[in-house]
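Report on one structure; see the data block that follows.
The values are calculated or read from the model by the stated rules, or taken from the named source; none is laboratory data. Just so we're clear, the structure is a prediction, and the values are computed from it rather than from any experiment. Quick reminder, even Gly has a Cβ in these numbers, built from the backbone with ideal geometry, and neighbours come from all protein chains shown. Accessible surface is based on the protein model in full, side chains and every heavy atom, while ligands, DNA and RNA are left aside. Shrake-Rupley method; radii C 1.70, N 1.55, O 1.52, S 1.80 Å.
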Amino acid sequence: MIKSITTALIAAGLVLSGSAAFECRAQQTPPSSVDNSLLKYFPTVIDQIGGSCAQASYIGYMFTYEMNRILDRDGSTPEHQFSYLYTWNFINGGNDEGSIGEDGLTIGFEGGIATEADFPSQYTSSQFKWTSGYDTYLRAIHHRVKKIKHFDVLDREGVDVIRNYLWNRGEPGKSGGIVTFSSRAGAWKINTHYDGPSETGYKALLTELSPTGAHAMTIVGYDDLVEFNAPDGTLSKGAFIVCNTYGTGYWMHDRGRFYLPYWFWMQPDRDSGTLSRQVVGVDVEYREPKVVFKVGVDYSSRDDLSFRIGLSNKASDNIPTHDYAVPIARNQGGDYPMQGNNSSSKIEFAFDFSSYAANINDSAEPKFFLTVSRNNRGKVYGSGKMTAFSVYDYREDPEHPRIYKCTGVAGAEIASGDNIFSICTVAPKTCSYSPVKWLSGSGQPISAPLVLKTAHGKYAKIRLSDYDRNAGTIKIKYTYAPDGTRRFE
């Protein structure tokens, strides 16, 4: 399901694909070495939990580094490191299984990413837990993915594109970026006593790729002086600096890092499964939320549920005219309670509506909608209830938002199919009326019109027809004005 979202984002221009997606036109010659893992923006080396390598690389390293880079923050503290378990636990089915790195980045487009301070990546008895709490999700909403970048690395030209990106991202005078890639890694051959030329000084040099095992890693820099004796006997110069997610003590690496010679990337016949032909970068942004939905549910099997947030500008509407899918809790997480195995069935989310706030017509009668869809997934068909639904509007005053609450939602059973809840932000415009009967010349009633009285004391007689309860529509056949004239409409 998430992969289809990524496809839509590509179509919308939010994901850049192909070698033409990024062209670095540096105004100066790149230095002979760059190591962005030594900059303050980079977090401490990760010792990944289970099969979370893709999220550890894409979120724990790359997203963290890029967010700290644009905000000029120190990445050594949990408040400035982003939780790779936050995204992994939404997409791993509640099990220790691998994931696609871009699926985690996709969550960051509309849902943001939580920090390690709010959701620590650590082994626990409920390892595959989802976080709960409006404030935690609200803080995550600030930190967003802006664009996903794809770079084709097929030859020396592709290698140089990545070198320039690592150097300054195509912005002279700025700090460079970092990128992620995938490779087989089950049986690497690494020289852990490399003592050849280098500027960066690492002692681990990969000498042969692996035919087994899938793994995601992060390229944090390069060193043009590193030498590698290729299998054909030629001397190859230059290597990327790879930071792995096996901790700093892994014996095949040097402080969690190793050199990956350019030579491997420039082999035209290489298997893309052995070493990917494409690497991934990301643009990030910090956003202030405008409108946020606060949603609470108590449900026993979380992969049954998905959520949509919507809006209509008519208080009388029963369904939204603008309706959007939420990027998390979309029939995900397995047959477990909402917070995960051995955890609570109660959870509280914050869903960001800010990207769609421009559709709110404050001069009309804005009405917010929450659709909770319940479908039988997995082996366990769950049950549960709503606990809360409200909307926080931060547009006028971020410190003191307007809060609109849905009345009567607490305890509402989540039935099979779509469960629609709504909140009116203003009282619908109304008027009073009373029925009357008109008689024909023979004394027989010929119609049943209404006499309406407005708030200003005026009145009119009308006849209504073709009422459609589901659509919320009705036809006004005619009106009688106070002067007795008959007006058709």
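Couple of notes before you dig in:
- If you go through the stretch 231-264 and keep only what is more than 20 Å from residue 58 (Cα to Cα), among the aliphatic types (A, V, I, L, M) and modelled with pLDDT of 95 or more, you end up with 235, 239.
- Scanning the stretch 176-199 for residues that are modelled with pLDDT of 95 or more, buried (at least 18 other Cβ atoms within 10 Å of the Cβ) and not in a strand (DSSP E or B) yields 176, 177, 178, 194, 198.
- Candidates in the stretch 389-423 are the residues that are open to solvent by 40 Å² or more (accessible area, probe 1.4 Å) and among the hydrophobic types (A, V, I, L, M, F, W, C); of these, the one that is farthest from residue 355 (Cα to Cα) is 415.
- Members of the stretch 354-371 found to be more than 13 Å from residue 293 (Cα to Cα) and not polar (S, T, N, Q), listed by number: 358, 360, 362, 364, 365, 366
- Residue 202 falls short of the stated requirement of being within 27 Å of residue 104 (Cβ to Cβ) and either in a loop (DSSP other than H, G, I, E, B) or small (Gly, Ala, Ser) (or both).
- Residue within the stretch 210-228 that is in a strand (DSSP E or B), among the small types (Gly, Ala, Ser) and touching an Asp or Glu at 6+ places or on another chain (Cβ under 6 Å) present: yes
- Residue 205, sole failed condition from (1) open to solvent by less than 40 Å² (accessible area, probe 1.4 Å); (2) of a type outside the set (Asp, Glu); (3) touching a residue at least 60 places away in the same chain (Cβ under 8 Å): (3)
- Take the conditions (1) out of contact with any Gly (no Cβ under 9 Å at 6 or more places or on another chain); (2) modelled with pLDDT of 95 or more; (3) open to solvent by 30 Å² or more (accessible area, probe 1.4 Å); residue 309 misses just one of them, which is (3).
- Applying a threshold of 7 Å to beta carbon distances and a minimum spacing of six or more residues, or different chains, the list of pairs starting in the stretch 75-96 at a residue that is of a type in the set (Asp, Glu) and ending at one that is crowded, with 20+ Cβ neighbours inside 10 Å reads 79/115.
- In the stretch 293-302 there is at least one residue matching the filter, namely being open to solvent by 10 Å² or more (accessible area, probe 1.4 Å), more than 22 Å from the chain's Cα centre (by Cα) and either under 30 Å from residue 166 (Cα atoms) or not small (Gly, Ala, Ser) (or both).
- Members of the stretch 299-337 found to be charged (D, E, K, R) and under 17 Å from residue 360 (Cβ atoms), listed by number: 308, 314, 317, 323
- Condition met for residue 211 (farther than 26 Å from residue 42 by Cβ, touching a residue at least 60 places away in the same chain (Cβ under 8 Å) and either surrounded by fewer than 15 Cβ atoms within 10 Å (Cβ to Cβ) or touching a Leu at 6+ places or on another chain (Cβ under 9 Å) (or both)): yes
- On the stretch given as the stretch 250-269, residues that are open to solvent by 20 Å² or more (accessible area, probe 1.4 Å) and without any contact (Cβ under 8 Å) to a residue 60 or more places away in the chain total 5.
- Taking the stretch 75-144 as the region of interest, the helices (runs of 4 or more DSSP H) fully inside it that hold 1 or more residues being open to solvent by less than 10 Å² (accessible area, probe 1.4 Å) and small (Gly, Ala, Ser) are 101-110, 134-141.
- Scope the stretch 248-294; condition assigned to a strand (DSSP E or B), of a type in the set (Lys, Arg) and more than 30 Å from residue 387 (Cα to Cα); matching residues: 257
- Members of the stretch 125-153 that are at pLDDT 95 or above and either closer than 30 Å to residue 265 by Cα or among the small types (Gly, Ala, Ser) (or both): 132, 133, 140, 145, 146, 147, 148, 149, 150, 151, 152, 153
- Answer residue from the stretch 224-249, given it is open to solvent by 20 Å² or more (accessible area, probe 1.4 Å) and among the hydroxyl-bearing types (Ser, Thr, Tyr) and is nearest to the chain's Cα centre (by Cα) among those: 246
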